Amino acid sequence: MRGSDLPASQARSASAPASARGTVLIVYPDASERDRLRRILQVEGFRVILAAGGEAALQLFEREWPDLVLVNVDPASPVDFETVRRIKQFAGRGFTPLIVLSNSDEGSVILRAAESGGDDFISTPVSARRLKARILVSERVRDLHRANADRQAVLAAHLERDREEQALAEHLLSHAVRSRNVAMDRLGLVQRPAAIFNGDLMLSQFLPDGGLRVLLGDFTGHGLAAAVGVLPVADAFHTMTRKGVSDSLLLAEINRKLYQLLPADRFMAACLVSLPGKGEAVRWWNGGMPSAWLRTRSGLTELTSHALPLGILPELPAQEIPRRVHLCGEDRILMMSDGLLEASDRDGVMFVNAAFDSVLHSWQDNAPILPRLIDALDQHCQGAEQLDDIAALEIPLDPSLLMPDLGRETACPNTGWCWSLDLEGARLCNQPTLESALRPLGFLEGLEMQQGVLETILAELFTNALDHGVLKLDSLMKVTPEGFDAYYRERSSRLASEVSGMVSIRIGYEPGPNGGGSVRMCVRDSGGGFDEAEIQNLCQAPLYSWGRGIMLLRQLCESLVFRCNGSEAEVLYRW
């Protein structure tokens, strides 16, 4: 094993006897001088190992891993300097002081010794006092290197642990967002985050008439600080879209949430596109995003930004309403974040000033542009590191492509069912979804129009049980943006450690009159519970982000009841 493979504090051979000041390897061809140096160093408290030179010295070094090396070189012998170089090479990143001894003190010899890897130089014959002094200096330098290496190892371990925790948090966050998106197999999407957390957000959901609504957002900055608003935006988008809320009301609600949640210097630029089920026209709204582009048979139409980003003002200006454009059939829309346009090559030239325009204006009718756009982007950047998140989205505006299979949604099931699931330990890290749990059983047949709202309800109940019941996190941490960040860091840390607890889920469906029905969900956790009156008080504090999930459940459901000291929550959703 080479020295570079060993921690600095464990570099000594495990079989070497202990000594007060460590082990010294002396490489000297003259036996009598070797022995004299050995006696001097043994008196000083060193363990000494000896080699005449060459391969024997290298073998001893690899086997014993000494704390200090003395090597005698003959100025006329290239082999001696090669021995110095190879010993230093074996040491690798672990610092072992190497003192070169020579009977010549010419500058050329000293320089050659240093170039070969020597850390110090002493001309021979060497006196005991001079040798002791030079060794003291070398030990101080070595100890500084080792202390620094140990600190670096501790820092690297902390950074790796922090990276793992952030990666877990990003996985949970992305899963919570992506699991509710629809039609992803029919949309073209490329996302490249500049950090572990992605500040670019893409959401998609079906409208009640079978149309599709899509939002591409770009939070200020990137990384965790840019991702803190993702969940509230996703919750509002999916819930209000499935209920058929208008574009204007949806944008107003997202703006209100972000204005309450984010600090004054943070906001979300966004581009919203809604394709109604009839597919005759598309509604669009652009607040602070780069221009989107509509490709029709008649050419390109630029959908420029005409509104402020979301979260800047407490209320959206009345004149900043969604716009409408008629479709020709088989049209496409291209949306992007500014990270794509500002992506730079190694010379600092932005993509928007290079190949972007040529790719855009060569876009053919009824043909996808995203593959060629990304190829051009990769050729432009040539692996250069990017400072911002990159997102590009292509939407084929064809109702037959985007509409879900409505054949199985025409009527709700006429028989009821009940399903339950218990999650313990590490399985709590993966939030369940109705799509993954109930679709294989056939329980979602006929309930597709309600699935988005039901997914939101389950996500809120499970998150509440996991965060506050099992992980025992305090919502008051989220009073400030810094606290919001700390909350999710602590959540990731507790999930990364061994999770002890359980969450039980029970879901039952009952058919109702006139094609309606109801779903009852009950989620229970193994925690100690909480005071429901406390939660109700928090829900009445509209300027804060806590209690958001409970308020949302009360708005969506016919009833919400807490039992067992708050460790069990049951909702009834009826349509």
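The values are calculated or read from the model by the stated rules, or taken from the named source; none is laboratory data. Bear in mind the structure is a predicted one, so any value in this text is a computation, not a measurement. Methodologically, a virtual Cβ is constructed for each residue, glycine included, from the backbone with ideal geometry; neighbour enumeration extends over all protein chains shown. In case anyone asks, the SASA skips ligands and DNA or RNA and just uses the protein heavy atoms, side chains included. Shrake-Rupley method; radii C 1.70, N 1.55, O 1.52, S 1.80 Å.
Here is how the numbers come out for the structure above:
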| quantity | calculated |
| --- | --- |
| Top-ranked residue of segment 127-136 - restricted to ones that are open to solvent by less than 60 Å² (accessible area, probe 1.4 Å) and in contact (Cβ under 8 Å) with a residue 40 or more places away in the chain, ranked as nearest to R39 (Cα to Cα) | A128 |
| D105 vs. criteria more than 21 Å from V141 (Cβ to Cβ), over 50 Å from the mean Cα position of the chain (by Cα), acidic (D, E) and modelled with pLDDT of 90 or more | no |
| First in segment 90-102 and under 11 Å from R134 (Cα atoms) and basic (K, R), second anywhere and open to solvent by less than 10 Å² (accessible area, probe 1.4 Å) and not in a loop (DSSP other than H, G, I, E, B), Cβ under 9 Å, 6 or more apart | none |
| Criterion violated by D265 - all others in (1) under 25 Å from the mean Cα position of the chain (by Cα); (2) at pLDDT below 85; (3) surrounded by 18 or more Cβ atoms within 10 Å (Cβ to Cβ) satisfied | (3) |
| Residue within segment 55-76 that is closer than 18 Å to A114 by Cα, surrounded by fewer than 18 Cβ atoms within 10 Å (Cβ to Cβ) and without any contact (Cβ under 8 Å) to a residue 12 or more places away in the chain present | yes |
| Subset of segment 330-340 that is more than 18 Å from L308 (Cα to Cα) and either open to solvent by less than 30 Å² (accessible area, probe 1.4 Å) or hydroxyl-bearing (S, T, Y) (or both) - its residue that is nearest to the chain's Cα centre (by Cα) | G339 |
| Count of segment 167-193 residues which are at pLDDT 70 or above and crowded, with 20+ Cβ neighbours inside 10 Å | 4 |
| Single residue of segment 419-454 satisfying the filter (among the hydroxyl-bearing types (S, T, Y) and modelled with pLDDT under 90) that is surrounded by the fewest Cβ atoms within 10 Å (Cβ to Cβ) | S436 |
| Residue in segment 286-293 that is out of contact with any Ser or Thr (no Cβ under 6 Å at 6 or more places or on another chain), free of Cβ contacts under 8 Å to residues at least 40 places away in the same chain and either within 18 Å of V233 (Cα to Cα) or buried (at least 22 other Cβ atoms within 10 Å of the Cβ) (or both) present | yes |
| Which numbered condition G221 misses (of (1) at pLDDT 85 or above; (2) open to solvent by 10 Å² or more (accessible area, probe 1.4 Å); (3) not basic (K, R)) | (1) |
